Structures are given as C-alpha cells and as structure tokens.
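Below is one structure, written out as structure tokens; comments come after it.
Nothing in this text is a laboratory measurement; each read-out follows from the coordinates by a stated rule. Bear in mind that the values here come from a model prediction, so they are computed numbers and not experimental data. Counting neighbours? That spans all protein chains shown, and the Cβs are built from the backbone with ideal geometry, glycine included.
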Amino acid sequence: MKYEAVIGLEVHAQVQTNTKIFCGCSATFGAEPNSHVCPICLGLPGVLPVLNRDVVELGIRLGIATHCQIAPFSQFARKNYFYPDLPKGYQVSMFDLPLAEHGFVEIFSEDETGNGTKKIALTRIHMEEDAGKNVHDGIEVGSLVDLNRAGVPLLEIVSEPEISSGDEAVAYLKALRAILIYTGVSDADMEKGNFRCDANVSIRPVGSTQLGTRSEIKNMNSFRYVQKAIAYEMIRQEEILEEGGRVVQETRLWDDKKGMTFSMRSKEQAHDYRYFPEPDLVPIKIDQEWIAKVRAELPELPEAKRKRFIENYALPAYDATILTSSQALADFFEEAVSVFPKAKIVSNWVMGDLLRELKQDDKEIEDALIKPKQLAALLKLIDDGTISGKIAKTVFEEMVQSGKSPEDIVQEKGLTQMSDEGELGRLIDRVIAANPTEVEGYRAGKTKLMGFFVGQVMRETGGKANPGKVNTLLKEKLDGA
C-alpha cells in the first residue's frame, strides 16, 4: 500500500428536547412546514433568545460519557453567513470556547487476537442551533424554505484526524451513536436527519507525518454512504497524485446513484464566518456540583457494558460489541440469559436468527413479537431434548411472526422430538435394510456415510428424531453387526 488515509469526522446530533434551543417552539419532526416557528427562530428584529437549560445538561452528559473535560466557562458565538434557510443571516454556535474538549470514543477494531480496541480522540463538543431546510422536490420554479428546524438544538462532535478507513469511520459512528442513545442525549435517527456526518478525507504516503490536502464530504446520514464515500474519495485522490496532479481543498457531496463524490464549492472561496461572541446570550458557567450531578445520573455506557459482557458472560469481543450496540438489544440478551444461563447459545440465537428475522421484516428489536423469556423457553426445549435444533428453527420462525410461546407451537403442530429408543431402533432397522450398498460401504471404512444414515432417519421422522440418540443407535447397529 503506497498511501494511507487520514480522516476526521464532524457529527451533528439533534438533542432530544421538547423545545428548541433558544425559544419555546416544538422541536418535533414531521410537522407542517413553518408551523413550529416564532419571532425568535424566524429572526425577527427586536427579539431575544433564552437558552434551553436541558440542552446544556444533555451536552454535559455527552461530554462526560465521551471522557471529555467539561469547560467551566463556555460561550456562544455568531457564525456569519448568508443562505436562504438561515433567517437571521448568522448561526448561533460556539467557536473558541466550546462546551467540552479532549475526550475519546473507543471502537472495536478486531486484531489477531479478535479483541482489539482503538481510541478515537475528540477535539471538541459544542452546542449550536440548526438551520432551516430548503425544499426543492416537486417545485417547478425556484425552491421553498421550511423553518421548522431553524433553532432546533444540535451538538457538534468533532473528532481528531485519527480514522484510517471507511470501515473504521463506520465503527466510530456506530459507537458514538450508541452513546447518544444510551445516554438519552439524542435518538440519533438518521432517517430524520438527527444524526448526520461530514467527513474530512486526505491521503499521504505511508510513513509520512505530514497531512495531505483534505476534501470535506458534507451531510451524510447513512453508514453505507459514509463508508462508500470515503472509499471513493481515497481512490480519487490517489489517482490524482499518481497522475502528477494536486488535490484541491474543497467541499464535495456524495451521489449514491452514481457512486461518486462531486465538487460543491472550493474551500479557498469559502466565506470567512467572522465569528464573534453572541451579544444576546450570557456566557455559561458550569460548576463541579452540576457536573457531579450529571455524572451520577449516567446509565451504564456501551463501552463498560461491552467489557462486562466479555468478563461476566465469557463472550467473544465481537459478540459483546454487537449485543451492546443498542440498549434494547443488550437488555433482550440479558433477560434471556437470566432465564437460560448459557450465554454463548443465547448470543448465537440473538445475533443470528433473531437479528436476521428482524432485518427481513424491517423491524427493530423493540418491535419484536418474540420476547426474551420466550427465546429462553425455546432454548430450554432444545436443551432437555423435547425438540431438535432443526425443529427449533421452524418453531422460532413462527414465534417471531406470531408472538406465541414455543410450548404452544410445539403442542399445536405435534413437533415433540422422538426419543423412544425402541421406536427409533425399529425405524433404524428399516433404514439399514433399505440401503444395503451404503451399509457395505460404511463397514468397509467409509465412515462418512454415517451422515447419510442420520439424514435418512431424520427424513423418515420429519426431523423429529433425537439426533443424539439416532447417532448412538446407528453406530451400535452398524458397528455391531
């Protein structure tokens, strides 16, 4: 590999409050255009903003959760630029005195031991207001502006340029999103634009410490988009350098249909934002008592939960990372394990069968009809020999669709496993008698034919035969003759 990527991410997360950051308008999504507005968020002359205290507290909560230093003194600033969706002609943000600095997000980065981690450093977390939204679709001439989002509270989380690939960027975003959701700071709903990302991407020769010229890819709200856009941008920049060209510093957008980024504007021509302290808002002072109060109210965070799952349940790091990726999934797993205390078996079913079925139905774990205690009951039926693993798959599929208990489904469909040795022995005798050529081959040393005989017995019983007993009885009859 001749070049390596240097990537920094800027994430905007909508803070989960009922009202906007500087006024009492609703911050909920999906209302009629321009129905959640007032003189303050419309930027009318003579109005004064009032800071929403909940936004500050949730910002402190995220800062603590990401190991940041909470600033005892922070200040809003005006970021001046002109755009149709910015009614005041400036955005209230933060510049030289942000809310929190110098934290990190730990990501799972599988190494040769299968248990690697990497810390991605955070430069800063600051509060700001969102802009409105320009509406282009369905408009024949010009565009319309919806200001419902104007003044919606955001936290901007800026990472250091320590990410080296699209895959690593996605791992970081998933870890950060999990923290936001666990802490209740944001619902981080990507479809609603409540969690979106700008990626600063540059490349440099492997071993070099000098940063290359970066391109900024704006406003991506999908993990897949981030991964593909970064991969494309790395190739694009490498091709330019290999042809003797020069990478231009610019802002680019991702076009998923074409599978490429395209230039939006040159950074050299970008406006000077002329930041200055916001005169209508007093500085924010945060004492240690407030920080201690917020810290005491924090739930167990994904990083700590992941380590606990590895230590307490003896799970592989990969399993623990997947299971703790959402609070609801982790809770589902732990409730199932409390009833059926074989953690790895529960993990296999949750990560494999349950998540696959939910994905097929486009559902989240919260929407699942099957409950943790029902899954545990199904695993008990396998464990005590009532049903086979194969039958369990069929039962599970119906549980997911109907929400019925496994016991009811097994009883209704007559799926109880055949374990009577006398009945199985007579059935095996018939299978052996019907396949003399295979019997002769097995006894001549082709022991892999055992699988054939097991398959025949299972077919005859519709998969209901106890596989352990079938194997034992077959071996006795084939080897003993």
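Summarising the amide proton neighbourhood of ILE163: residues at separation of 5 or more, or on other chains, whose placed amide H is nearer than 5 Å comprise ILE7.
Would you compute, from DSSP H runs of 4+ residues alone, the mean residue ellipticity of the chain at 222 nm, taking -39500 (n - 2.57) per run and dividing by the full residue count, rounded to the nearest 500?
It comes out at -12000 deg cm²/dmol, rounded to the nearest 500.
Here ILE428, ILE139 are placed in order of increasing Cβ neighbour count within 10 Å, fewest first, which gives ILE139, ILE428.
Charges at C-beta only: +1 for Lys and Arg, -1 for Asp and Glu. How large is the resulting dipole of segment 421-480 about its Cα centre, in Debye rounded to 20?
Rounded to the nearest 20 debye, it is 140 debye.
The amide H of THR261, built 1.01 Å from its N in the peptide plane, has ASP255 as neighbours under 5 Å, considering only residues 5 or more places off or on other chains.
Report the one residue of PHE76, PRO372, LEU173 whose Cα lies farthest in the direction of the positive end of the charge dipole of the chain (charges on C-beta: Lys and Arg +1, Asp and Glu -1; origin at the Cα centre). Farthest towards the positive end: PRO372.
Each part gets one Cα centre, and for segment 194-231 versus segment 420-481 those centres are 59 Å apart.
The phi-based Karplus calculation (6.51 cos²θ - 1.76 cosθ + 1.60; θ = phi - 60°) puts the 3J(HN,Hα) values of segment 341-348 at x, 10, 4, 5, 5, 4, 4, 4 Hz, whole numbers, x for Gly and Pro. Rounded, prolate or oblate: which fits segment 243-319, taking a ≥ b ≥ c as square roots of the Cα gyration tensor eigenvalues, rounded meaning a/c under 1.5, else prolate when a/b beats b/c? Taking the square roots of the gyration eigenvalues as a ≥ b ≥ c, segment 243-319 is oblate.
The loop-placed GluC sites (Glu not before Pro) in segment 266-350, going by DSSP, that have at most 15 neighbouring Cβ atoms within 10 Å of their Cβ come out as GLU297, GLU300. Loop-located trypsin sites (Lys or Arg not before Pro) in segment 205-290 (DSSP state other than H, G, I, E, B) with a sparse environment of at most 11 neighbouring Cβ atoms within 10 Å: ARG246, LYS257, LYS258, ARG274.
Our coupling estimate for segment 399-412, obtained by passing each phi through the Karplus curve with A = 6.51, B = -1.76, C = 1.60 and θ = phi - 60°, is 4, 4, 7, 10, x, 6, 6, x, 4, 5, 5, 4, 5, 4 Hz, Gly and Pro reported as x. To the nearest ten degrees, helix 327-339 and the longest principal axis of the Cα atoms of the chain are 30 degrees apart. Its Cα centre serving as origin, the chain has a Cβ charge dipole (Lys and Arg +1, Asp and Glu -1) of approximately 540 debye. Residue order for ILE181, ILE125, fewest other beta carbons within 10 angstrom first, comes to ILE181, ILE125. Taking each of LYS79/LYS218; LYS380/LYS446; LYS359/LYS390; LYS307/LYS363; LYS20/LYS118 in turn, the alpha-carbon distance tops 29 angstrom for LYS380/LYS446; LYS20/LYS118. Computed from these coordinates, which is volume of the Cα convex hull per residue in Å³: (1) 208; (2) 227; (3) 140? Matching entry in (1) 208; (2) 227; (3) 140: (2). Note that segment 431-444 has calculated 3J(HN,Hα) couplings of 5, 5, 5, 7, 9, x, 5, 5, 4, 4, x, 4, 6, 8 Hz, one per residue in order, obtained from phi through the Karplus relation 6.51 cos²θ - 1.76 cosθ + 1.60 (θ = phi - 60°); glycine and proline are x.
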